[in-house]
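S.K.: The structure that follows is given in the form of C-alpha coordinates.
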Number of protein chains: 2
Amino acid sequence: MAAGRVELDRIDLAILRALVFDSGLTNKAVASRLGLAESTCAYRLRMLREAGVIIGGRVKLNFSALGFPIQAIVKVRLESHNAEHVNNLYAKLTLVPGVIQAFHVAGEDDFHLHVAVESPEALRDLVLKHITNNRVVRQTETQLIFEARDGVGILADQPPAAR
Amino acid sequence: MAAGRVELDRIDLAILRALVFDSGLTNKAVASRLGLAESTCAYRLRMLREAGVIIGGRVKLNFSALGFPIQAIVKVRLESHNAEHVNNLYAKLTLVPGVIQAFHVAGEDDFHLHVAVESPEALRDLVLKHITNNRVVRQTETQLIFEARDGVGILADQPPAAR
DNA sequence: CTTGAAATTGAAGCAGG
DNA sequence: CCTGCTTCAATTTCAAG
(Lines give C-alpha, C1' and ligand atoms only; values in the text may rest on other atoms or scores of the structure.)
Protein backbone atom coordinates (compact mmCIF):
# COMPACT_ATOMS: atom_id res chain seq x y z
CA MET A 1 0.00 0.00 0.00
CA ALA A 2 2.75 2.47 0.91
CA ALA A 3 4.87 1.96 -2.18
CA GLY A 4 8.53 2.83 -2.47
CA ARG A 5 8.79 3.87 -6.06
CA VAL A 6 6.32 3.55 -8.87
CA GLU A 7 6.69 3.52 -12.62
CA LEU A 8 4.27 5.88 -14.27
CA ASP A 9 3.61 6.57 -17.91
CA ARG A 10 2.40 9.78 -19.41
CA ILE A 11 -1.24 8.81 -19.03
CA ASP A 12 -0.90 8.31 -15.31
CA LEU A 13 0.81 11.67 -15.05
CA ALA A 14 -1.93 13.35 -17.04
CA ILE A 15 -4.54 11.88 -14.72
CA LEU A 16 -2.65 13.10 -11.67
CA ARG A 17 -2.14 16.52 -13.17
CA ALA A 18 -5.88 16.89 -13.73
CA LEU A 19 -6.75 15.72 -10.25
CA VAL A 20 -4.19 17.78 -8.38
CA PHE A 21 -5.88 20.90 -9.62
CA ASP A 22 -9.38 19.71 -8.87
CA SER A 23 -9.99 16.52 -6.95
CA GLY A 24 -13.68 17.03 -7.53
CA LEU A 25 -13.43 16.03 -11.18
CA THR A 26 -15.46 12.92 -11.94
CA ASN A 27 -13.80 9.92 -13.44
CA LYS A 28 -15.89 10.49 -16.55
CA ALA A 29 -14.66 14.06 -16.88
CA VAL A 30 -11.02 13.02 -16.60
CA ALA A 31 -11.52 10.23 -19.11
CA SER A 32 -13.12 12.42 -21.73
CA ARG A 33 -10.54 15.16 -21.22
CA LEU A 34 -7.77 12.66 -21.93
CA GLY A 35 -9.59 10.72 -24.62
CA LEU A 36 -9.73 7.51 -22.62
CA ALA A 37 -12.49 5.02 -22.05
CA GLU A 38 -14.13 5.59 -18.70
CA SER A 39 -13.35 2.11 -17.52
CA THR A 40 -9.69 2.50 -18.43
CA CYS A 41 -9.42 5.73 -16.55
CA ALA A 42 -11.18 4.23 -13.55
CA TYR A 43 -8.84 1.25 -13.64
CA ARG A 44 -5.72 3.39 -13.64
CA LEU A 45 -7.11 5.58 -10.91
CA ARG A 46 -7.71 2.56 -8.75
CA MET A 47 -4.17 1.37 -9.41
CA LEU A 48 -2.74 4.76 -8.46
CA ARG A 49 -4.62 4.60 -5.18
CA GLU A 50 -3.57 1.03 -4.43
CA ALA A 51 0.03 1.84 -5.27
CA GLY A 52 -0.11 4.65 -2.73
CA VAL A 53 0.63 7.38 -5.24
CA ILE A 54 -2.67 9.08 -4.49
CA ILE A 55 -2.84 9.25 -0.74
CA GLY A 56 -6.19 10.89 -0.32
CA GLY A 57 -8.03 14.07 -0.88
CA ARG A 58 -8.55 16.95 1.45
CA VAL A 59 -11.16 19.59 0.91
CA LYS A 60 -9.77 23.09 0.89
CA LEU A 61 -11.56 25.46 3.23
CA ASN A 62 -11.91 29.20 3.17
CA PHE A 63 -10.56 29.96 6.63
CA SER A 64 -11.68 33.57 6.55
CA ALA A 65 -15.27 32.66 5.77
CA LEU A 66 -15.20 30.27 8.70
CA GLY A 67 -14.12 33.01 11.06
CA PHE A 68 -10.40 32.30 11.09
CA PRO A 69 -9.02 35.21 9.08
CA ILE A 70 -5.50 35.17 10.47
CA GLN A 71 -2.84 32.72 9.39
CA ALA A 72 0.71 32.46 10.60
CA ILE A 73 3.86 30.38 10.56
CA VAL A 74 5.10 29.53 14.03
CA LYS A 75 8.73 28.50 14.17
CA VAL A 76 9.46 26.28 17.16
CA ARG A 77 12.93 25.70 18.57
CA LEU A 78 13.68 23.06 21.18
CA GLU A 79 15.73 22.84 24.31
CA SER A 80 16.44 19.13 24.06
CA HIS A 81 16.64 16.99 20.96
CA ASN A 82 16.06 13.73 22.76
CA ALA A 83 14.22 11.51 20.27
CA GLU A 84 11.37 10.66 22.57
CA HIS A 85 10.78 14.27 23.55
CA VAL A 86 10.76 15.34 19.93
CA ASN A 87 8.27 12.67 18.90
CA ASN A 88 5.97 13.33 21.80
CA LEU A 89 5.98 17.02 21.07
CA TYR A 90 5.36 16.45 17.37
CA ALA A 91 2.30 14.36 18.13
CA LYS A 92 1.01 17.05 20.48
CA LEU A 93 1.59 19.89 18.04
CA THR A 94 -0.46 18.26 15.29
CA LEU A 95 -3.38 18.10 17.72
CA VAL A 96 -3.36 21.78 18.65
CA PRO A 97 -6.61 23.36 17.41
CA GLY A 98 -5.79 25.66 14.52
CA VAL A 99 -2.70 23.81 13.32
CA ILE A 100 -3.21 23.06 9.64
CA GLN A 101 0.14 21.55 8.90
CA ALA A 102 3.25 20.76 10.93
CA PHE A 103 6.73 20.39 9.47
CA HIS A 104 9.58 18.75 11.35
CA VAL A 105 12.63 20.43 9.90
CA ALA A 106 16.40 20.28 10.10
CA GLY A 107 18.50 23.32 10.83
CA GLU A 108 17.84 26.53 12.69
CA ASP A 109 14.26 25.70 13.62
CA ASP A 110 12.86 22.36 14.71
CA PHE A 111 9.21 22.71 13.72
CA HIS A 112 7.27 25.00 11.45
CA LEU A 113 3.55 25.19 12.15
CA HIS A 114 1.05 26.59 9.70
CA VAL A 115 -1.84 27.85 11.79
CA ALA A 116 -5.15 29.64 11.25
CA VAL A 117 -6.84 31.54 14.07
CA GLU A 118 -9.81 33.80 14.83
CA SER A 119 -7.86 36.80 16.04
CA PRO A 120 -4.49 38.11 17.16
CA GLU A 121 -5.42 37.20 20.71
CA ALA A 122 -6.18 33.64 19.67
CA LEU A 123 -2.78 33.48 18.03
CA ARG A 124 -1.12 34.59 21.24
CA ASP A 125 -3.08 32.05 23.25
CA LEU A 126 -2.26 29.28 20.82
CA VAL A 127 1.45 29.96 21.16
CA LEU A 128 1.46 30.49 24.91
CA LYS A 129 -0.97 27.81 26.01
CA HIS A 130 -0.18 25.06 23.56
CA ILE A 131 3.40 25.53 22.48
CA THR A 132 5.66 27.44 24.84
CA ASN A 133 4.06 25.69 27.80
CA ASN A 134 5.88 22.52 26.78
CA ARG A 135 9.09 21.97 28.69
CA VAL A 136 11.14 21.06 25.65
CA VAL A 137 10.27 24.23 23.76
CA ARG A 138 13.02 26.78 24.06
CA GLN A 139 11.77 29.52 21.79
CA THR A 140 9.12 30.36 19.23
CA GLU A 141 8.95 32.94 16.53
CA THR A 142 5.73 33.82 14.78
CA GLN A 143 5.40 35.28 11.31
CA LEU A 144 2.07 36.50 10.05
CA ILE A 145 1.04 35.14 6.66
CA PHE A 146 -0.03 37.90 4.27
CA GLU A 147 -1.14 35.38 1.70
CA ALA A 148 -0.80 31.67 0.94
CA ARG A 149 -0.78 30.34 -2.61
CA ASP A 150 -0.54 26.90 -4.13
CA GLY A 151 2.47 26.29 -6.35
CA VAL A 152 2.53 24.26 -9.54
CA GLY A 153 3.97 21.32 -7.64
CA ILE A 154 6.05 18.47 -8.92
CA LEU A 155 4.03 17.65 -12.01
CA ALA A 156 4.85 20.92 -13.73
CA ASP A 157 7.33 19.61 -16.26
CA GLN A 158 8.96 16.34 -17.24
CA PRO A 159 9.43 14.06 -14.24
CA PRO A 160 12.69 12.14 -13.70
CA ALA A 161 11.64 9.03 -15.55
CA ALA A 162 9.21 10.31 -18.16
CA ARG A 163 8.92 8.11 -21.18
CA MET B 1 -19.04 33.49 -4.34
CA ALA B 2 -16.17 34.82 -2.25
CA ALA B 3 -18.07 35.22 0.97
CA GLY B 4 -17.04 37.40 3.84
CA ARG B 5 -18.38 35.57 6.83
CA VAL B 6 -20.79 32.69 6.99
CA GLU B 7 -23.07 31.42 9.72
CA LEU B 8 -22.74 27.69 10.18
CA ASP B 9 -24.58 25.32 12.46
CA ARG B 10 -23.24 22.11 13.93
CA ILE B 11 -24.45 20.07 10.97
CA ASP B 12 -22.47 22.17 8.50
CA LEU B 13 -19.44 21.80 10.70
CA ALA B 14 -19.88 18.05 10.89
CA ILE B 15 -20.06 17.87 7.11
CA LEU B 16 -16.89 19.91 6.77
CA ARG B 17 -15.13 17.86 9.40
CA ALA B 18 -15.88 14.68 7.49
CA LEU B 19 -14.77 16.13 4.18
CA VAL B 20 -11.57 17.70 5.40
CA PHE B 21 -10.31 14.27 6.33
CA ASP B 22 -11.41 12.67 3.11
CA SER B 23 -12.69 14.71 0.21
CA GLY B 24 -13.40 11.50 -1.64
CA LEU B 25 -16.42 10.72 0.52
CA THR B 26 -19.62 10.56 -1.46
CA ASN B 27 -22.55 12.68 -0.50
CA LYS B 28 -24.39 9.52 0.41
CA ALA B 29 -21.60 8.40 2.75
CA VAL B 30 -21.55 11.74 4.55
CA ALA B 31 -25.33 11.75 4.87
CA SER B 32 -25.54 8.30 6.37
CA ARG B 33 -22.65 8.98 8.72
CA LEU B 34 -24.47 12.02 10.08
CA GLY B 35 -27.95 10.53 9.97
CA LEU B 36 -29.23 12.99 7.38
CA ALA B 37 -31.31 12.49 4.27
CA GLU B 38 -29.10 12.45 1.18
CA SER B 39 -30.90 15.34 -0.38
CA THR B 40 -30.49 17.43 2.75
CA CYS B 41 -26.81 16.74 2.86
CA ALA B 42 -26.46 17.51 -0.84
CA TYR B 43 -28.35 20.75 -0.37
CA ARG B 44 -26.08 21.90 2.45
CA LEU B 45 -23.01 20.87 0.53
CA ARG B 46 -24.09 22.92 -2.44
CA MET B 47 -24.69 25.90 -0.16
CA LEU B 48 -21.25 25.54 1.41
CA ARG B 49 -19.72 25.59 -2.04
CA GLU B 50 -21.75 28.55 -3.23
CA ALA B 51 -20.94 30.44 -0.06
CA GLY B 52 -17.27 29.91 -0.78
CA VAL B 53 -16.62 27.98 2.42
CA ILE B 54 -15.47 24.96 0.45
CA ILE B 55 -13.02 26.28 -2.08
CA GLY B 56 -12.10 23.09 -3.84
CA GLY B 57 -10.29 19.86 -3.43
CA ARG B 58 -6.74 18.89 -4.16
CA VAL B 59 -5.58 15.33 -4.36
CA LYS B 60 -2.75 14.54 -2.00
CA LEU B 61 0.18 12.85 -3.67
CA ASN B 62 2.90 10.61 -2.30
CA PHE B 63 5.93 12.60 -3.42
CA SER B 64 8.38 9.84 -2.59
CA ALA B 65 6.55 7.29 -4.69
CA LEU B 66 6.64 9.76 -7.57
CA GLY B 67 10.41 10.09 -7.34
CA PHE B 68 10.57 13.30 -5.29
CA PRO B 69 11.70 12.02 -1.90
CA ILE B 70 13.21 15.24 -0.60
CA GLN B 71 11.16 18.09 0.80
CA ALA B 72 12.37 21.38 2.16
CA ILE B 73 11.34 24.81 3.35
CA VAL B 74 13.11 27.60 1.51
CA LYS B 75 13.05 30.92 3.30
CA VAL B 76 13.43 33.83 0.92
CA ARG B 77 14.50 37.33 1.97
CA LEU B 78 14.30 40.30 -0.35
CA GLU B 79 16.48 43.24 -1.19
CA SER B 80 13.67 45.60 -2.08
CA HIS B 81 10.11 45.60 -0.80
CA ASN B 82 8.72 47.59 -3.65
CA ALA B 83 5.16 46.36 -4.10
CA GLU B 84 5.49 45.61 -7.77
CA HIS B 85 8.71 43.69 -7.32
CA VAL B 86 7.21 41.63 -4.54
CA ASN B 87 4.12 40.75 -6.53
CA ASN B 88 6.07 39.83 -9.63
CA LEU B 89 8.36 37.62 -7.64
CA TYR B 90 5.47 35.96 -5.84
CA ALA B 91 3.87 35.05 -9.15
CA LYS B 92 7.15 33.64 -10.41
CA LEU B 93 7.82 31.61 -7.29
CA THR B 94 4.49 29.81 -7.46
CA LEU B 95 5.41 28.66 -10.97
CA VAL B 96 8.76 27.14 -10.07
CA PRO B 97 8.58 23.39 -10.67
CA GLY B 98 8.60 21.61 -7.32
CA VAL B 99 6.99 24.42 -5.34
CA ILE B 100 4.00 22.93 -3.57
CA GLN B 101 2.99 25.95 -1.55
CA ALA B 102 4.23 29.52 -1.23
CA PHE B 103 3.63 31.74 1.80
CA HIS B 104 4.09 35.49 1.71
CA VAL B 105 4.97 36.31 5.29
CA ALA B 106 5.65 39.30 7.51
CA GLY B 107 8.76 39.58 9.59
CA GLU B 108 12.23 38.18 9.29
CA ASP B 109 11.58 36.30 6.05
CA ASP B 110 9.53 37.41 3.08
CA PHE B 111 8.52 34.10 1.56
CA HIS B 112 8.45 30.54 2.74
CA LEU B 113 8.39 27.94 -0.02
CA HIS B 114 7.45 24.34 0.58
CA VAL B 115 9.20 22.34 -2.13
CA ALA B 116 9.62 18.70 -3.15
CA VAL B 117 12.54 17.57 -5.30
CA GLU B 118 14.19 14.45 -6.74
CA SER B 119 17.57 14.87 -5.10
CA PRO B 120 19.85 17.19 -3.16
CA GLU B 121 21.28 18.40 -6.47
CA ALA B 122 17.80 19.25 -7.69
CA LEU B 123 17.23 21.23 -4.51
CA ARG B 124 20.42 23.21 -5.11
CA ASP B 125 19.43 23.85 -8.71
CA LEU B 126 15.95 24.93 -7.71
CA VAL B 127 17.32 27.51 -5.32
CA LEU B 128 20.12 28.78 -7.55
CA LYS B 129 18.39 28.78 -10.91
CA HIS B 130 14.89 29.82 -9.94
CA ILE B 131 15.19 31.83 -6.76
CA THR B 132 18.51 33.49 -6.06
CA ASN B 133 18.80 34.40 -9.73
CA ASN B 134 16.11 37.00 -9.20
CA ARG B 135 17.48 40.48 -8.64
CA VAL B 136 15.22 41.27 -5.72
CA VAL B 137 16.22 38.19 -3.73
CA ARG B 138 18.83 39.07 -1.15
CA GLN B 139 19.21 35.78 0.65
CA THR B 140 17.74 32.30 0.99
CA GLU B 141 17.94 29.73 3.70
CA THR B 142 16.93 26.14 3.15
CA GLN B 143 15.75 23.73 5.81
CA LEU B 144 15.28 20.08 5.00
CA ILE B 145 11.92 18.63 6.03
CA PHE B 146 12.29 15.42 8.03
CA GLU B 147 8.56 14.86 7.97
CA ALA B 148 5.37 16.73 7.19
CA ARG B 149 2.09 16.00 8.98
CA ASP B 150 -1.40 17.36 8.74
CA GLY B 151 -2.75 19.02 11.85
CA VAL B 152 -6.27 18.82 13.15
CA GLY B 153 -7.02 22.21 11.65
CA ILE B 154 -9.59 24.75 12.66
CA LEU B 155 -12.52 22.39 13.10
CA ALA B 156 -11.03 20.60 16.06
CA ASP B 157 -13.16 22.12 18.78
CA GLN B 158 -15.91 24.64 19.23
CA PRO B 159 -15.67 27.41 16.63
CA PRO B 160 -16.18 31.08 17.56
CA ALA B 161 -19.91 31.12 16.98
CA ALA B 162 -20.97 27.55 17.69
CA ARG B 163 -24.57 27.16 18.69
C1' DC C 1 -3.53 -3.12 -20.98
C1' DT C 2 -7.69 -1.53 -22.96
C1' DT C 3 -12.60 -1.57 -24.27
C1' DG C 4 -17.83 -1.17 -24.54
C1' DA C 5 -22.14 -2.68 -22.71
C1' DA C 6 -24.78 -4.35 -18.67
C1' DA C 7 -25.83 -3.87 -13.90
C1' DT C 8 -25.39 -1.28 -9.71
C1' DT C 9 -25.04 2.74 -7.24
C1' DG C 10 -25.01 7.66 -6.41
C1' DA C 11 -26.59 12.56 -7.59
C1' DA C 12 -30.08 16.08 -8.83
C1' DG C 13 -34.69 17.91 -9.13
C1' DC C 14 -39.13 18.56 -7.20
C1' DA C 15 -43.51 18.68 -4.77
C1' DG C 16 -45.07 18.38 -0.08
C1' DG C 17 -44.60 18.54 5.23
C1' DC D 1 -35.41 24.05 6.41
C1' DC D 2 -35.92 19.11 5.91
C1' DT D 3 -37.65 14.86 3.55
C1' DG D 4 -38.92 10.86 0.27
C1' DC D 5 -39.78 9.88 -4.39
C1' DT D 6 -38.63 10.02 -9.19
C1' DT D 7 -35.47 10.77 -12.97
C1' DC D 8 -31.00 11.10 -14.68
C1' DA D 9 -25.93 10.51 -14.59
C1' DA D 10 -21.83 8.19 -13.00
C1' DT D 11 -19.21 4.20 -11.26
C1' DT D 12 -18.29 -0.72 -11.24
C1' DT D 13 -18.06 -5.09 -13.16
C1' DC D 14 -16.89 -8.33 -16.63
C1' DA D 15 -16.17 -11.02 -20.70
C1' DA D 16 -13.57 -10.29 -24.70
C1' DG D 17 -10.06 -8.17 -27.98
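S.K.: Under the condition of being at pLDDT 55 or above and more than 7 Å from chain B (Cβ to nearest Cβ), which residue from region A:144-163 is farthest from residue B:66 (Cα to Cα)?
M.R.: Quick first cut of region A:144-163, residues at pLDDT 55 or above only: A:144-158.
Adding the requirement that they be more than 7 Å from chain B (Cβ to nearest Cβ) leaves A:155, A:158.
Values: A:155: 9, A:158: 12 Å.
Among those residues, the one meeting the criterion is A:158.
S.K.: Now, a different point. Restrict the check to region B:30-43 and report whether at least one residue is away from DNA strand D (no atom under 16 Å from the Cβ), in a helix (DSSP H, G or I) and closer than 30 Å to residue A:15 by Cβ.
M.R.: No, that holds for no residue.
S.K.: Among the numbered criteria (1) within 22 Å of residue A:101 (Cβ to Cβ); (2) touching a helix residue (DSSP H, G or I) at 6+ places or on another chain (Cβ under 8 Å); (3) more than 7 Å from chain A (Cβ to nearest Cβ), which single criterion is violated by residue B:100?
M.R.: (3)
S.K.: Please work out if residue A:53 is buried (at least 19 other Cβ atoms within 10 Å of the Cβ), touching a Ser or Thr at 6+ places or on another chain (Cβ under 7 Å) and within 9 Å of another protein chain (Cβ to nearest Cβ).
M.R.: Here the answer is no, as residue A:53 does not meet what is asked.
S.K.: Now for a different question. Against the condition more than 9 Å from DNA strand C (Cβ to nearest atom) and surrounded by 15 or more Cβ atoms within 10 Å (Cβ to Cβ), how does residue B:25 come out, does it pass? Before you say what the answer is, go through the steps one by one.
M.R.: Working: more than 9 Å from DNA strand C (Cβ to nearest atom): no; surrounded by 15 or more Cβ atoms within 10 Å (Cβ to Cβ): yes.
The answer is no for residue B:25.
Rundown of residues vs (1) surrounded by 13 or more Cβ atoms within 10 Å (Cβ to Cβ); (2) modelled with pLDDT of 95 or more; (3) of a type in the set (Val, Ile, Thr); (4) closer than 14 Å to residue B:135 by Cα, yes/no style:
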{"residue": "B:75", "(1), (2), (3), (4)": "yes, yes, no, no"}
{"residue": "B:83", "(1), (2), (3), (4)": "no, yes, no, no"}
{"residue": "B:87", "(1), (2), (3), (4)": "no, yes, no, yes"}
{"residue": "B:90", "(1), (2), (3), (4)": "yes, yes, no, yes"}
{"residue": "B:93", "(1), (2), (3), (4)": "yes, yes, no, yes"}
{"residue": "B:99", "(1), (2), (3), (4)": "yes, yes, yes, no"}
{"residue": "B:106", "(1), (2), (3), (4)": "yes, yes, no, no"}
{"residue": "B:109", "(1), (2), (3), (4)": "yes, yes, no, no"}
{"residue": "B:115", "(1), (2), (3), (4)": "yes, yes, yes, no"}
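The values are calculated or read from the model by the stated rules, or taken from the named source; none is laboratory data. Small disclaimer: the values here were computed from a predicted structure and weren't measured. Reconstructed Cβ throughout: ideal geometry from the backbone, glycine too, with neighbour counts over all protein chains shown.
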